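Structure record follows, encoded as structure tokens.
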Amino acid sequence: MKIAIIYNLLSSLKEGREQEALADNEVLDISNSIKSTLQAEGHLCEMIMINQIKQIRTLSNFDLVFNLCEGIDGNAHSEADIAAALERLRVPFTGTGSDGLKLCLNKYKSKERLLKKGIIIPAYQIFNTAEEELNPSLQFPIIIKPVSEDASIGIDFDSVVYTQTELVKKVAQVIKKYKQAVIVEEYIEGREINAAVLGNDDTMKVLPLSEIIFDYPAEVPKFLPYEAKWVEDSAFYKKSYGQCPAQLNSTEINLVEEVAKKCFKLCHCKDYARVDFRIKDGIPYVLEINPNPCINPNDSGFIHSIKTEGKDFSYLIKQIVQLTMKRFRLEATPWITSS
């Protein structure tokens with residue numbers, strides 16, 4: 001097949017967000033790894049950096065697009081716009097479509113949908129200004145996040161607050177910096193579990209669950225702000241790591257897997273996604289649904305889960321392509337198998 005691998009790099013960022021380029025610019029290494037995998041199977045692959053939506057029109061002569069785009073120049077909303085352009089072009093592409101990407105990016109809307117369907121999530125509230133009153137039903141500590149960012153952008157170590165004064169200060173800071181509403185939710189003290197989901201409908205499966213282990217000082221809340229996730233020379237990056245498989249009992253594993261599959265379907269995810277949980281008192285609280293999650297072959301939760309199952313990066317890429325081909329009713333090629 002003739003396959004386009006599309007990705008984006010940050011060429012500019014608004015003032016104060018320079019460090020956040022780390023999350024987006026990692027995609028170049030992933031693109032190269034995917035290209036090597038598919039070329040080794042005899043496919044003609046071309047890597048194309050997307051700087052403008054109108055570039056999507058040039059992809060009409062490709063059999064399939066491996067979509068790694070997460071937005072243009074730090075605009076997370078354009079991730080869904082790119083998928084929508086691919087849909088209009090009617091070219092088969094990997095991963096979640098525009099509706100799912102839009103829904104999952106908006107933390108408020110996705111939480112509303114999950115809550116209506118009976119999924120357990122932390123209590124939350126949307127703040128459009130720092131002057132709004134906190135709902136008395138919400139209990140401190142509380143974590144504060146921009147409503148429409150991903151990859152932990154806008155989440156720092158002071159994002160967990162313990163008093164009304166801290167809440168007002170942090171909400172005002174995030175609204176000013178990111179020019180958007182914030183979501184505040186109860187901070188769940190518990191084990192952080194990642195569920196990597198691969199497949200669609202009857203082929204959907206949850207890979208071995210992974211747990212984030214935190215070796216932070218006792219006084220530091222145990223979660224992953226931007227620095228701990230992306231800044232490799234930071235102390236907190238070095239003090240948090242994935243353990244796969246997670247040491248859970250069979251009841252907990254079955255419950256997390258069941259909820260992860262429900263979330264995948266409810267949020268219109270396709271091919272692959274990751275659902276993040278906190279488990280407290282045996283109850284799995286859904287924190288985030290991540291469509292088209294990071295699949296860095298060197299260090300990502302998804303790859304840890306694949307390797308724990310005895311597979312590798314090459315297997316994952318072939319499976320994603322196979323799943324996409326099945327969704328778009330394309331003829332399978334000989335190297336694609338279900339094994």
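The values are calculated or read from the model by the stated rules, or taken from the named source; none is laboratory data. These figures come from a predicted structure and were not determined experimentally. Positions of Cβ are backbone-derived with ideal geometry, glycine not excepted, and every protein chain shown enters the neighbour counts.
Miscellaneous remarks
- The residues on offer are K261, K270, and the sole one that is over 16 Å from I212 (Cα atoms), part of a loop (DSSP other than H, G, I, E, B) and either among the hydroxyl-bearing types (S, T, Y) or touching a Lys or Arg at 6+ places or on another chain (Cβ under 9 Å) (or both) is K270.
- Residues in segment 183-223 that are surrounded by 15 or more Cβ atoms within 10 Å (Cβ to Cβ) and among the polar types (S, T, N, Q): N194, N200, S210.
- Exclusive hit being aliphatic (A, V, I, L, M), touching a residue at least 12 places away in the same chain (Cβ under 8 Å) and surrounded by fewer than 19 Cβ atoms within 10 Å (Cβ to Cβ), set L287, L316, L255, L323: L255
- Residue among I153, I121, I142 that alone is farther than 30 Å from L316 by Cα, out of contact with any Cys (no Cβ under 9 Å at 6 or more places or on another chain) and crowded, with 18+ Cβ neighbours inside 10 Å: I142
- Taken over segment 253-275, the criterion of being touching a helix residue (DSSP H, G or I) at 6+ places or on another chain (Cβ under 9 Å) and among the acidic types (D, E) is satisfied by D271 alone.
- Within segment 232-254, the set of residues being over 19 Å from F302 (Cα atoms) and aliphatic (A, V, I, L, M) comprises just one member, A235.
- Cβ-Cβ contacts under 9 Å between residues 6 or more apart (or on different chains), taken from a first residue in segment 228-244 that is surrounded by fewer than 17 Cβ atoms within 10 Å (Cβ to Cβ) to a second residue that is assigned to a helix (DSSP H, G or I) and hydroxyl-bearing (S, T, Y), are listed as V231/Y237.
- If you go through segment 92-129 and keep only what is of a type in the set (A, V, I, L, M) and in a helix (DSSP H, G or I), you end up with L101, L103, L105, L114, L115.
- Residue match in segment 181-200 (condition: of a type outside the set (S, T, N, Q), out of contact with any strand residue (DSSP E or B) (no Cβ under 6 Å at 6 or more places or on another chain) and without any contact (Cβ under 8 Å) to a residue 12 or more places away in the chain): no
Conditions (1) at pLDDT 95 or above; (2) closer than 27 Å to S33 by Cβ; (3) over 17 Å from the mean Cα position of the chain (by Cα); (4) not assigned by TED's automatic domain parsing to the domain that holds L287, marked per residue:
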residue: E70; (1), (2), (3), (4): no, yes, no, yes
residue: D73; (1), (2), (3), (4): no, yes, yes, yes
residue: S78; (1), (2), (3), (4): no, yes, no, yes
residue: A85; (1), (2), (3), (4): yes, yes, yes, yes
residue: R88; (1), (2), (3), (4): yes, no, yes, yes
residue: L101; (1), (2), (3), (4): yes, yes, no, yes
residue: L105; (1), (2), (3), (4): no, yes, no, yes
residue: S110; (1), (2), (3), (4): yes, no, no, yes
residue: R113; (1), (2), (3), (4): yes, no, yes, yes
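- Test: residue in segment 264-273 that is at pLDDT 90 or above, over 17 Å from the mean Cα position of the chain (by Cα) and surrounded by fewer than 21 Cβ atoms within 10 Å (Cβ to Cβ): no
- Considered as a group, the residues in segment 200-221 that are in a loop (DSSP other than H, G, I, E, B) and acidic (D, E) include one that is farthest from E288 (Cα to Cα), and that residue is E219.
- One residue stands out in segment 222-258 among those that are in a loop (DSSP other than H, G, I, E, B) and either touching a Pro at 6+ places or on another chain (Cβ under 7 Å) or among the acidic types (D, E) (or both): the one that is farthest from F277 (Cα to Cα), namely D233.
- Residue match in segment 176-189 (condition: part of a loop (DSSP other than H, G, I, E, B), in contact with a helix residue (DSSP H, G or I) (Cβ under 8 Å, 6 or more places away or on another chain) and closer than 18 Å to E288 by Cα): yes
- Residue that is modelled with the lowest pLDDT, among those in segment 293-339 that are part of a loop (DSSP other than H, G, I, E, B) and among the charged types (D, E, K, R): E331
- Restricting segment 227-253 to residues that are of a type in the set (G, A, S) and modelled with pLDDT under 90, the residue that is farthest from I153 (Cα to Cα): A235
- Filter result for I48 (out of contact with any Leu (no Cβ under 7 Å at 6 or more places or on another chain), part of a strand (DSSP E or B) and either at pLDDT below 95 or crowded, with 16+ Cβ neighbours inside 10 Å (or both)): yes
- Residue match in segment 78-91 (condition: among the β-branched types (V, I, T) and assigned to a strand (DSSP E or B)): no
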